[in-house]
Amino acid sequence: MPSINSIVRALSVILVVCSVWSMLTLAGPARRQMSQKPKAGTATRADGLTAWEQIYSVLTHPRCINCHTATNYPQQGDDRHRHFANVIRGPEGQGVAGLNCASCHQETNADSTGLPGGHHWHLAPLSMRWQDLNDQSSSSAAVCRAVTDRSKNHGLNGPGLLKHHEEEPLVLWAWNPGRRPDGTMRTPPPLTHAEFVAATRRWIKAGMPCPQENSTRR
Amino acid sequence: MATYELNVNGQRKQVNVDPSTPLLWVLREELKLTGTKYGCGISACGACTVHVDGIATRSCVVPVSLIGDRPIITIEGIGNDRVGRAVQDAWVEKDVVQCGYCQSGQIMSAVALLKTTSKPTDANIEDSMGGNICRCGTYIRIRKAIKSASVQLK
């Protein structure tokens, strides 16, 4: 006759074997589920495209796009009308002698006279135009291509673009645009600067994906 | 009110004004340099043009607090400069002025142009002088005077 101890030992072994078998059996579907999840790269690209659309909403806001024209003049105002007083781009995007950007725009906003100002006030180069010749904003895909093309963006890679968005005085100006001549505040872009930088980080982390040209998003 | 030390036409000038006061009114009211004119007050006409650190500047929209130690040259001082003298002589030679109200600003912009472009084309002149408005329509004589000054400066 087996002793009670032998029976307990045998039951323990059976219990352990069953437990191990159960764990292995239950872990199988979990492993399958994990293997069925979208690839990390795909998910990150989708997140990157979402982040890009946030960035695009800022880049095409009047505070930014008014100086990213495709024409020989800057724009002004939320309606993005042509800059008054016959101001023109000039060979280096700083106007021309006698009518430079710096003829009015100083290092800081002049709220008492309604003049916006920032360090080295100038137009973006034509290679970074985000509009067409009819002053219509370029598509999201087109702006993304321009922003990521190092032959057009002064050779900026991801970290360079992030630094530009974080530190460039004229980028920062968009969130401190000062008062209009009538004393009211100029409207800032739709995201805060912190949100803009965070979106830029996510987009860069995702590999700076750009939407397809035929995307329904502009 | 605040006190500012300005370098105007090579001279140190001290003024005690509100920081938001446009440079134009400091020049005219505090320093009595009335050659610089008030036209539109919104930098649209160019009558108030002076040079700030060599840049033709619309003094009606630049608060005095933003000038710092940059040298200011007004129409009263531009004749001490070789290019400025040549432009003023050309203005007389071509009898540019009609009513004259805008002309100090016109001359200041013309000098800025000739200092960077010694032989300006018609297009250069139109671009650079496009922000200076003349209700008398002296534009043709202005163009001739600029070209004459350019020749004199060779």
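At-a-glance table
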quantity	calculated
Test result for A:Glu92, among the acidic types (Asp, Glu), surrounded by fewer than 18 Cβ atoms within 10 Å (Cβ to Cβ), within 22 Å of B:Val64 (Cα to Cα) and more than 24 Å from the chain's Cα centre (by Cα)	no
Residue match in the range B:40-53 (condition: within 8 Å of chain A (Cβ to nearest Cβ) and surrounded by fewer than 22 Cβ atoms within 10 Å (Cβ to Cβ))	yes
Meets criteria (over 15 Å from A:Cys104 (Cα atoms), touching a residue at least 40 places away in the same chain (Cβ under 8 Å) and of a type outside the set (Ser, Thr, Tyr)) for B:Ala86	yes
Looking only at the range B:69-124, and only at residues there that are crowded, with 21+ Cβ neighbours inside 10 Å and outside any helix (DSSP H, G or I), the one that is farthest from the chain's Cα centre (by Cα)	B:Pro120
From A:Val96, A:Val87, A:Val143, residue being β-branched (Val, Ile, Thr) and away from chain B (no Cβ under 14 Å)	A:Val143
Answer residue from the range A:144-199, given it is among the aliphatic types (A, V, I, L, M), part of a helix (DSSP H, G or I) and surrounded by 15 or more Cβ atoms within 10 Å (Cβ to Cβ) and is farthest from the chain's Cα centre (by Cα) among those	A:Leu170
A:Gly178 being under 20 Å from B:Leu66 (Cβ atoms) and either in contact with a strand residue (DSSP E or B) (Cβ under 6 Å, 6 or more places away or on another chain) or at pLDDT 95 or above (or both)	yes
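The values are calculated or read from the model by the stated rules, or taken from the named source; none is laboratory data. Here the structure is a predicted model, which is why all the values come from computation and not from measurement. When we count neighbours, we look across all protein chains shown, and the Cβ atoms used for this are built from the backbone with ideal geometry, even at glycine.
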